[in-house]
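Student: Before we start, here is the structure in question, set down as structure tokens.
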Amino acid sequence: MSSRAARRDPWRRALAHALGDFADENRFRVIAEGIEDRVTRWMFFCASGIRLGQGFHLARPAPLADMRADLGTALDVSSAPW
């Protein structure tokens with residue numbers, strides 16, 4: 001669901017909030033995708049209880065080595081499934 005459509009459509013907005021609530025109650029993670037250009041899109045998902053996201057607005061794609069250099073030891077992918 002696009003954030004633009006969800007912000008304008010009350011049914012989609014309710015669905016985003018329900019997904020955020022469901023994830024919180026069941027200790028799941030929901031990742032908002034496509035946060036490409038505007039802070040308001042990220043703010044919409046945060047207000048919906050969705051706290052993780054990906055997209056150009058948050059960070060550009062980069063090689064893992066560059067990400068490690070930028071984040072230092074905060075990025076540990078040694079137990080990642082890939």
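Residue-by-condition table, conditions (1) surrounded by fewer than 16 Cβ atoms within 10 Å (Cβ to Cβ); (2) modelled with pLDDT under 80; (3) of a type in the set (Val, Ile, Thr):
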{"residue": "Ser3", "(1), (2), (3)": "no, yes, no"}
{"residue": "Ala6", "(1), (2), (3)": "no, yes, no"}
{"residue": "Ala14", "(1), (2), (3)": "yes, no, no"}
{"residue": "Phe22", "(1), (2), (3)": "yes, no, no"}
{"residue": "Arg41", "(1), (2), (3)": "no, yes, no"}
{"residue": "Ile50", "(1), (2), (3)": "no, no, yes"}
{"residue": "Gly55", "(1), (2), (3)": "no, no, no"}
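Student: A follow-up question, please. Scan the range 14-41 residue by residue and report those that are within 14 Å of His57 (Cα to Cα) and among the charged types (D, E, K, R).
Tutor: Result: Glu33, Glu36, Asp37, Arg38, Arg41.
Student: Which one is farthest from the chain's Cα centre (by Cα) among residues in the range 24-39 that are at pLDDT below 85 and surrounded by 17 or more Cβ atoms within 10 Å (Cβ to Cβ)?
Tutor: Ile35
The values are calculated or read from the model by the stated rules, or taken from the named source; none is laboratory data. Worth saying up front: this structure is predicted, and the values here are computed from it rather than measured. Here the Cβ is made from the backbone with ideal geometry for all residues, glycine too, and neighbour counts use every protein chain on show.
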